[in-house]
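Notes follow the structure.
The values are calculated or read from the model by the stated rules, or taken from the named source; none is laboratory data. In this text the structure is predicted, and so the values were computed from the model without any measurement. Please note: Cβ atoms are built from the backbone with ideal geometry, for glycine as well, and neighbour counts cover all protein chains shown. Quick note on the areas: whole protein, heavy atoms, side chains included, nothing else; ligands and nucleic acids left out. Shrake-Rupley method; radii C 1.70, N 1.55, O 1.52, S 1.80 Å.
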Amino acid sequence: MCQVDEEYNEQLEKRTVPSVSQRCVKCKEGTAALIIRAGDAFCRGCFKDYFVHKFRAMLGKNRLIFPGERVLLAVSGGQASSSMLAQVQEGLSRNAPKKLRFTPGIIYIDEGGACGQSMEEREGVIAELETMFRATGYPFHIVHLEQVFDLPISVLEAVSSAPQRPEGSYKAAVEQFVQNARVKGSCSPGEGHMDPAVLDAQIQLSHLDTQDLANGTPPSSLQHQQDLERLFASVRTLTAKEDMLQTLRQHLIVHTARTKGYTKVMMGDSCSRLAVKLLSNISLGRGASLAVDTGFSDQRYGDVIIVRPMRDYSSKEIAFYNRMFGVPSIFIPGLDTKAPEKASIQHLTESFVTMLQADFPSTVSTIYRTSEKLHTARPPHSSEMETVAKCLLCLCALDTKEAEEASAFHATLVSERLSEKRVPESAQVGSASTADTVGQCCSSGVGQEGGCSSRGQGCCSSNLTPVTPDLKSLLCYSCRLTIKDMTGVESLPPYIVSEAERRHRRSQMKKEISEFLLDDEEDEVAAS
Amino acid sequence: MAAPIALHLEFGGGAELLFGGVKDHQVTLPGQSQPWDMKQLLVWIRGNLLKERPELFVQGDTVRPGILVLINDADWELMGELSYELQDQDNVVFISTLHGG
Ligand SMILES: [Zn+2]
Ligand SMILES: [Zn+2]
């Protein structure tokens, strides 16, 4: 008993020590409220300054968003993207020289249909988000995942990027913008340069956008709801489901940005999230696309550029900021909610990284810094961009040229062919996969080198017209794996299937007329 | 024998799903010979509040990595974490920063 009492006293003393003596490392005065990534203790006030400054610094450093440009904020309702929305509000309302000067809008993708949420749950979430978005005064777009079944095939085309603005034009644009604002005179601090009438009209428009949904109409047709259910039911693994969801969501965001006139999209990926994404993408075979998948800016869509301004914040900083400064966010159950650790590659990677982070606090920042060092080898001329074959689904450069003998893709292909020889076709249950591999080397719109002619399996002679389009040859290594995890491709949205058919027809035609054309190389020789 | 203490517990960021979807909990811990600390609170939560999947909330004798803990609105890393001695009317918040909650 005596001993217990002694310990008790000792602990009491220990307990009072940290809360009194831990001072903020920045101002040396305030009481520390949290320990941030670097291991430094910050007080509430200094933490706020640090957090707010970091956002503007990130945008300022990269000089990608021009004044007056329309920027679509992808808000999922989660902590990071809600925090991003709050930072945009903060940055736009500020009457400081470093004020942000773009024109924001908000997009929310309702994924409830893929995650098994009931209609009531989805409507509840949307109502809550609408209140949150309306409070910002920005136009907002609520898009349902079911709408992928109405997407046009143009989504899958990377529009050649707008003419590159010359170096130094950023500064000129800012100056021009500031001058224009001055000429206009008394602009309200909240809306920056915007004409109040225009703003009003915009807000009303955005309400119109969502009104037909709010008034009890189901988010989408029953047909599309079933289509979506069928699509996700046909994906066998959670890993592939998550990847598919990510792909479709991205298509909807880019399409909305294009049709509503936005030229940039802001995504709320934190550095914790990006560290997980980086590692899981390596496991998923997306190594070749790491730079675009996790970098500050992602130009794969050409005319719409994705930026990730939250990539300097850890999820801890974000959660603390939201909590301390009352930033609202909503938790919406996703595909992996309450899933066991090993349910998917993405989920397992997240557990791995957070576990490592708990013992080695520099884990995330180390992985994150690695991602900063990655660059894509971009074709020197922008005109070449169009000729570089892109993956049908993720629009990254195709990494599936057979020329690279040492690639993982090549190894898979070889083993696939070997196993194919042994198994008689009738034994293959999902016979679509066999047809795919055979068809693949013929309709190769991928490797200009052809690949199949050298191997001489005689498949080129067969005039194969598969009922379901052969997607494989149009996909990058990673997207192939996802499609492979599907029981069939018939349930894919029509725009994907149609675009696949179109590309096949085009490459077929190219092949047919190629005999009558001079080779590019011959052309060049003749010209020189 | 210390007197029973009343605490306000909050769960957020998806952690509330393991507690029947309820975010706020007003609880009273029974009196015991030693004062309550965070380590004991976690055991108590596991035994009395958690509705399902305890491994998604506690791992070993601490919280699952990725779940942040705030005691009276300050980072528990500044307060001695598991050894923090709880006081009557303390406010303890658990926020999941994990993707699926
Ligand atoms: Zn301070
Ligand atoms: Zn791809």
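What about A:Y313, is it assigned to a loop (DSSP other than H, G, I, E, B) and within 14 Å of chain B (Cβ to nearest Cβ)?
Considered against the rule, which asks whether it is assigned to a loop (DSSP other than H, G, I, E, B) and within 14 Å of chain B (Cβ to nearest Cβ), A:Y313 comes out as yes.
Assess whether A:G302 counts as being part of a loop (DSSP other than H, G, I, E, B), farther than 21 Å from A:Q250 by Cβ and out of contact with any Leu (no Cβ under 8 Å at 6 or more places or on another chain).
No; evaluated as a whole, the condition is false for this residue.
Restricting attention to the range A:465-502, report how many residues are modelled with pLDDT of 90 or more and within 15 Å of ligand 2 (Cβ to nearest atom).
Of the residues in the range A:465-502, 17 are modelled with pLDDT of 90 or more and within 15 Å of ligand 2 (Cβ to nearest atom).
Any idea which of A:I107, A:I142 is open to solvent by less than 20 Å² (accessible area, probe 1.4 Å) and in contact with a His (Cβ under 7 Å, 6 or more places away or on another chain)?
A:I107
Output the residue which, of all residues in the range A:231-273 that are part of a loop (DSSP other than H, G, I, E, B) and β-branched (V, I, T), is farthest from A:Q79 (Cα to Cα).
Out of the qualifying residues, it is A:T237.
Of the residues A:K61, A:K54, A:K26, only one is under 31 Å from the mean Cα position of the chain (by Cα) and open to solvent by 50 Å² or more (accessible area, probe 1.4 Å); which?
Working: A:K54 fails: open to solvent by 50 Å² or more (accessible area, probe 1.4 Å); A:K26 fails: under 31 Å from the mean Cα position of the chain (by Cα).
Answer to the check: A:K61.
Mind telling me which of the residues A:T294, A:T247, A:T259 ends up being on the phi < 0 side of the Ramachandran plot and open to solvent by 40 Å² or more (accessible area, probe 1.4 Å)? Steps first, please.
On the way: A:T294 fails: open to solvent by 40 Å² or more (accessible area, probe 1.4 Å); A:T247 fails: open to solvent by 40 Å² or more (accessible area, probe 1.4 Å).
Testing whether each residue is on the phi < 0 side of the Ramachandran plot and open to solvent by 40 Å² or more (accessible area, probe 1.4 Å) leaves just A:T259.
Any idea which of A:A319, A:A343, A:A288 is at pLDDT below 90 and either touching an Asp or Glu at 6+ places or on another chain (Cβ under 6 Å) or not acidic (D, E) (or both)?
On the way: A:A319 fails: at pLDDT below 90; A:A343 fails: at pLDDT below 90.
Result: A:A288 is the single residue among A:A319, A:A343, A:A288 that is at pLDDT below 90 and either touching an Asp or Glu at 6+ places or on another chain (Cβ under 6 Å) or not acidic (D, E) (or both).
Counting only residues that are within 14 Å of chain B (Cβ to nearest Cβ) and farther than 23 Å from A:F102 by Cβ, which one in the range A:279-310 is nearest to ligand 2 (Cβ to nearest atom)?
Of everything passing the filter in the range A:279-310, A:S280 is nearest to ligand 2 (Cβ to nearest atom).
Would you mind listing the strands (runs of 3 or more DSSP E) fully within the range A:69-161 where at least 1 residues are aromatic (F, W, Y)?
Qualifying strands (runs of 3 or more DSSP E): A:103-110, A:140-144.
Do we have any residue at all in the range A:29-38 that's open to solvent by 80 Å² or more (accessible area, probe 1.4 Å) and either within 16 Å of ligand 2 (Cβ to nearest atom) or modelled with pLDDT of 90 or more (or both)?
Taking every residue of the range A:29-38 in turn, at least one turns out to be open to solvent by 80 Å² or more (accessible area, probe 1.4 Å) and either within 16 Å of ligand 2 (Cβ to nearest atom) or modelled with pLDDT of 90 or more (or both).
Restricting attention to the range A:361-375, which residues are open to solvent by 60 Å² or more (accessible area, probe 1.4 Å) and within 11 Å of chain B (Cβ to nearest Cβ)?
Residues of the range A:361-375 that are open to solvent by 60 Å² or more (accessible area, probe 1.4 Å), as a first pass: A:361-362, A:366, A:369-370, A:372-375.
Matches in the range A:361-375: A:P361 only.
Listed residues A:I282, A:I306, A:I332; which is open to solvent by 30 Å² or more (accessible area, probe 1.4 Å) and within 30 Å of A:V159 (Cβ to Cβ)?
Going through A:I282, A:I306, A:I332 in turn, just one is open to solvent by 30 Å² or more (accessible area, probe 1.4 Å) and within 30 Å of A:V159 (Cβ to Cβ): A:I282.
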